[in-house]
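One structure is given below, represented as structure tokens, and several questions about it will come after.
A short reminder: the numbers here are calculations on the coordinates, not readings from a lab. In this text, all values refer to a predicted model and were calculated from it rather than measured experimentally. Note: ideal-geometry Cβ built from the backbone for every residue, glycine included; neighbour counts use all protein chains shown.
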Amino acid sequence: MTFAPALGANPWIWESPVTEPVLAGVLPRLAGWGFDCVELPLEQPGDWQPDPVAKLLDATGLAPAAVVAVMPPGRDLVRAPAAVVRGTQDYLRTCVDAAAALGAPAVAGPVYAAVGRTCRMDDAERAAAYAEWREHLAPVVAHAAAAGVRIAVEPLNRYETSLLNTVGQTLTALDGLPSDVIGVALDTYHQNIEERSLPSAVREAAGRIVHVQVCANDRGTPGADHLDWPGFLAALETAGYDGPLCVESFTAHNATIAVAASVWRPLAASQDAIAVEGLAFLRARLARRPAGDPPHPAPQAPGTASPPHGAAGA
């Protein structure tokens, strides 16, 4: 059977926070370019509501790839005050409910600690932190199981967390949690920093991969980089992964997201180009285009077009 994952994108390419007006502008563009699905970040409860977003999805024909959970300072399940843990659990349950309402298969993200929070841990301290995380996440996992939604836990690079950096650490932390409800979210940006090879990381996670995000090694356009895309995609196929591949990148033109994602310069000719050229590259790679062909064979992206909602192209 041909490996033909649905291809999606994240509205963070253009804007943050992702609200209903943002989605109303972005989703028709994604559909027009030929994407199959879209990630739906929910930074704060109330940024968008499932009913109007469902109508936007129906109108554009896009599928909801995943609800993306966001962990700013103040959201933590490890070494945090009880009130913070309860608030984080409530937020994650809200993400699960939104995913269930939309028919999204997963909630994906670093659902363990605030991004940017780091500390040194010896082996015993790390094991204790993982046990604490499992205990505090267990009610959310039970809620997800009842809702028919899976949780995809995303390991981040060493500069963004010290808790889960590698697939191996994530699998260790997940031990004891139900594999049919919770697994791993892979992100090529983070794996390129932390893993010895992308295919090896995929092979290690085989059977537990719930969601996959893709971008270049610099967070830019997939394919405009040095990553081992043939090996990565072949490993996903061998692993039996049947979920989407979603382009996740960020804009340097939105102060909030630029600082949060450490994006200090434009990553492509335009934000549109990250999506359009990334989609073209992935389609070509999945069609088994010979390795010597140009990385972006599709029509040129609309580099002069203004991204939606004021995030100006570079």
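So what is the calculated 222 nm ellipticity per residue for the chain, using -39500 (n - 2.57) for each DSSP H run with n of 4 or more, over all residues, to the nearest 500 deg cm²/dmol?
Theoretical 222 nm ellipticity from helices: -13000 deg cm²/dmol.
What angle do you read, to the nearest 10 degrees and between 0 and 90, between the alpha-carbon axis of helix 50-60 and the longest principal axis of the chain?
30
How large is the dipole of the chain about the Cα centre if only Lys and Arg carry +1 and Asp and Glu carry -1, each at its Cβ, rounded to the nearest 20 debye?
About 200 debye.
Where does each of 210-221, 46-57 land if you order them by average Cβ count within 10 Å, highest first?
210-221, 46-57
Moving to a separate point now. Output the peptides 250-262, 108-120, 21-33 sorted from most to least packed, where packing is the average of other Cβ atoms within 10 Å over each peptide's residues.
Descending packing order for the listed peptides: 108-120, 21-33, 250-262.
Angle, helix 229-239 long axis vs. longest principal axis of the chain, Cα atoms, 0 to 90°, nearest 10?
Value to nearest ten degrees: 50.
Under a point-charge model restricted to the Cβ atoms of Lys and Arg (+1) and Asp and Glu (-1), what is the dipole moment magnitude of region 69-167 relative to its Cα centre, in debye to the nearest 20?
That gives region 69-167 a dipole magnitude of about 100 debye.
Helix 123-147 versus the longest principal axis of the chain: what is the Cα-based angle in degrees, 0 to 90, to the nearest 10?
So the helix axis and the longest Cα principal axis differ by about 70 degrees.
Applying a 10 Å radius around every beta-carbon, put 197-205, 234-242 in order of their mean neighbour count, most first.
Per-residue mean Cβ counts within 10 Å order the peptides as 197-205, 234-242.
Which entry is the computed Cα extents along the principal axes in Å for this structure: (i) 52, 40, 39; (ii) 185, 40, 39; (iii) 56, 53, 45?
(i)
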